[in-house]
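Taking it in order: structure first as structure tokens, then the write-up.
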Amino acid sequence: MAVSDDKLAGTMLRTLLIVSLFLLATGCAHQSNPSFDVSTHQARVILDRLAEDPRPLDRPLVVVGGFADPGIGAGLVHAALASRIRDERVLDVVTAFGCDFDDCRQQLIEQVQRRFGNQQVDVIGMSMGGLVARYAAAPLPGRPSLNVARLFTISAPHRGAILASLPTLDQKMIEMRPGSALLDCIALYDAHADYELIPYARLGDFTVGAKYSAPPGITPWWISTPFFQDPHDGANFDPRILADIVLRLRNEPPLTHDPRAPLPSCG
């Protein structure tokens, strides 16, 4: 059975890669968003301008890494933000080594409370880290929760992840399957959420999927994927997304604006 599962997983991965490359080649992942209308070059210019005048944060900032990130990705995002803000209250949190989402949730809350106590924080959640942070913010009965003011998520599997449907024994992957008990549990607490959720996604993402990158009823701030870039992992370092986050952290007008454009059907 293990051999059969390995073969199936390999076949599915190859199929997803072929489909992803086809969509990129045909331009499906390169549509423009009128509600997030900025080029990569323009975003870099904005980031350079912000670096000339770094500002302090309103509150501590937590950067939560993703599924297989031992701290490198979170550290790189932290470094990209560091020159645009003037504040030492930034904490990187690794969630890659948790056995399941309850474990990841507890680790995140403990590390934040150890550094900042019960202060309200802003959070940037990268991929799975965004879902961990949303789960940590849920007011589960009898358990501590994360005191979040704003939650920025980048390609987070809020409604599941495409690749999580592959055969696996990893509990976190199983819990990220669309329709899982964990996702249903988290969704139950969304009505009680008193933080602002700002989800981002890039088109052509066949790891999570842009349509899964925001909770039900919410459209992510989506952008196209540049040619020859990974739609999922590259989103964490996309200048357009980073510029919008930094502007929001500095309480300046963001690059995104309502009404939000709907996701393209092939996104």
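The values are calculated or read from the model by the stated rules, or taken from the named source; none is laboratory data. Not measured: the values here are computed from a predicted model. We place every Cβ from the backbone using ideal geometry, glycine too, and count neighbours over all the protein chains shown. For the accessible areas, the whole protein counts, side chains as well, though only heavy atoms, and no ligand, DNA or RNA atoms are used. Shrake-Rupley method; radii C 1.70, N 1.55, O 1.52, S 1.80 Å.
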Relative contact order (percent, whole number), the chain, Cα cutoff 8 Å, 6+ residue spacing:
23
Projected area of the range 50-148, taken from the Cα convex hull and averaged over every viewing direction, in nm²?
6.0
Unit charges at the beta carbon, dipole of the range 49-122: most positive-side option, ILE72, VAL62, THR95
VAL62
Restricting things to alpha carbons, tell me how big the chain is in terms of Rg and Dmax, in Å.
17.9, 58
Relative to the present Cα-Cα distance, how much length would full extension add between ALA187 and GLN171 at 0.36 nm per residue of separation?
3.9 nm
Just need the relative contact order of the range 49-201 here, percent rounded to a whole number, with Cα pairs under 8 Å and 6+ apart.
22
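In the chain, carbon and sulfur make up what percent of the accessible area (probe 1.4 Å)?
57
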How high is the relative contact order of the range 23-104, given as a whole-number percent (alpha carbon pairs under 8 Å, six or more residues apart)?
30
Solvent-accessible area per residue for the chain (1.4 angstrom probe, square angstrom):
45
For the range 99-215, what does the alpha-carbon gyration tensor say about shape, rounded, prolate or oblate, given a ≥ b ≥ c as the root eigenvalues, a/c under 1.5 as rounded, and a/b over b/c as prolate?
prolate
Out of THR219, THR153, THR95, any idea which swings most in a Gaussian network model of the chain, alpha carbons joined below 10 Å?
THR219
Net charge near PRO231 (other residues with Cβ under 14 Å of its Cβ; Lys, Arg +1; Asp, Glu -1) is -1
Can you give me the long-range amide H partners of GLY209? Hydrogens built in the peptide plane at 1.01 Å from N, cutoff under 5 Å, separation of 5 or more residues or another chain.
ILE162
Run the helix sum for the chain: -39,500 (n - 2.57) per DSSP H stretch of 4+ residues, divided by residue count, reported at 222 nm to the nearest 500 deg cm²/dmol.
-11500 deg cm²/dmol
Using the crude model of +1 on Lys and Arg Cβ and -1 on Asp and Glu Cβ, and no other charge, please compute the dipole size for the chain relative to its Cα centre, in debye to 20.
200
Using a Gaussian network for the chain with springs between C-alpha atoms less than 10 Å apart, which of these wobbles most: LEU169, LEU203, LEU182?
LEU169
Helices from the chain with mean Kyte-Doolittle at least -1.0 and a Cα length along the axis of 30 Å or more, per DSSP H: which?
2-26
